[in-house]
Amino acid sequence: ETPESARAKNYRNMTPLTPGFFGYSMIRNSVHSDFHAAFLEMCELMDFPVEGYHTETGPGVMEAAIQVDDIMSAADKAILFKTFTKIFAQRNDLMATFMAKWSMDWPGQSGHLHLSLRNKDGSTAFHDPAKEHAMSDEMRWFIGGQQPLMPELLAMVSPTVNSYTRMIPGFWAPT
């Protein structure tokens, strides 16, 4: 048996950090609280602080929201977060993956972007309480400008064949 095949067999037999089909679980997060606290401390020290962190649906699935930042810094921090999450997991005899669909038996994972647009005075450009659904004209135009470019945008945010295995009509990921 080669070291690579032994490692692959070991990964297949790993017990997930958070077993089962539970999202937003205090118990599953608390069982390994030392691991999670050290992970969040590492994120803070590496300058990609996490403002939200919890279990998600599926075994071993965690959701982490990196603190808001300007667009270029946010992009850099997202890559650093993924890289150092994998390193941190390996140092703790775990494996972190950011695959969209690691198993056909469980829901997929995702990475998503939250976007906001601010006026020059710092106020949000997307909110207008006087408009339907409190959506400003700028927000409607922003969304409308993205819609015709969705195929191109999808190629950017779903760069692998595996990304498309997660897209199931009527489920979490839009098709």
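The values are calculated or read from the model by the stated rules, or taken from the named source; none is laboratory data. Predicted, not measured: the structure shown is a model, and the values here were computed from it. All Cβ positions, even for glycine, are placed from backbone atoms using ideal geometry, and neighbour counts span all protein chains on display. When the accessible area is computed, the model is the full protein with side chains, heavy atoms only, and any ligands, DNA or RNA have been set aside. Shrake-Rupley method; radii C 1.70, N 1.55, O 1.52, S 1.80 Å.
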- Query: What residues from region 90-116 fall in the zone where the backbone N is under 13 Å from a label point 7 Å along the Cα-to-C-beta line of Asp47?
  - Reply: none
- Comparing Ala78, Ala134, Ala96, which has the greatest mean-square fluctuation in the GNM of the chain with Cα pairs linked when under 10 Å apart? Ala134
- Task: In debye, nearest 20, what is the charge dipole magnitude of region 35-96 about its Cα centre with +1 on Lys and Arg Cβ and -1 on Asp and Glu Cβ, if you could check?
- Result: 280 debye
- Message: Probe radius 1.4 Å, ligands and nucleic acids left out: which of Arg166, Arg118 has the largest accessible area, and how do the rest follow?
- Response: Arg118, Arg166
- Message: Check which residues have an amide H placed less than 5 Å from Asp128's amide H, if you skip close sequence neighbours.
- Response: Met135, Ser136
- Query: Given springs between every Cα pair under 10 Å in a Gaussian network model of the chain, which of Thr124, Thr165, Thr85 has the largest fluctuation?
  - Reply: Thr124
- Note on the structure: Residue-ordered couplings for region 94-105, obtained by feeding phi - 60° into the Karplus form 6.51 cos²θ - 1.76 cosθ + 1.60 and rounding to whole Hz (Gly and Pro as x), are 10, 10, 9, 10, 10, 5, 5, 8, 7, 8, 6, 8
- Query: Roughly to the nearest percent, how much of the accessible area of the chain is carbon and sulfur, given a 1.4 Å probe?
  - Reply: 60 percent
- Query: Convex hull over the Cα atoms of region 25-68, averaged projected area in nm²?
  - Reply: 3.1 nm²
- Task: Taking the chain as the reference, fit the longest principal axis to its C-alpha atoms, fit the long axis of helix 33-45 to the helix C-alpha atoms, and give the angle between the two in degrees, 0 to 90, nearest 10.
- Result: 50 degrees
- For region 55-72, what does the Karplus curve 6.51 cos²θ - 1.76 cosθ + 1.60, with θ = phi - 60°, yield as ³J(HN,Hα) per residue in whole Hz, taken in order and with x for Gly and Pro? 5, 10, 6, x, x, x, 8, 10, 10, 10, 9, 6, 4, 4, 7, 5, 4, 5
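Given region 69-144, report the % of alpha carbon pairs whose separation exceeds 22 Å. Before the final figure, lay out the partial values.
Working: 1451 of 2850 pairs.
Counting every Cα pair in region 69-144, those more than 22 Å apart make up 51 percent.
Determine the per residue accessible area of the chain with all protein chains present and a 1.4 angstrom probe, expressed in square angstrom.
Accessible area per residue: 72 Å².
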- Any idea what Rg and Dmax come out to for region 33-175 if you just take the C-alpha atoms, in Å? 17.6, 53
- Task: Figure the gain on full extension for Phe35 and Asn119 (residue separation times 0.36 nm, minus the Cα-Cα span) and round it to one decimal in nm.
- Result: 26.2 nm
- Message: I'd like the accessible area for Ser123, computed on protein heavy atoms only with a 1.4 Å probe and all protein chains in place. Round to 10 Å², please.
- Response: 50 Å²
- For Leu45, Leu80, write out the residues from largest to smallest accessible area, computed with a 1.4 angstrom probe and no ligands counted. Leu45, Leu80
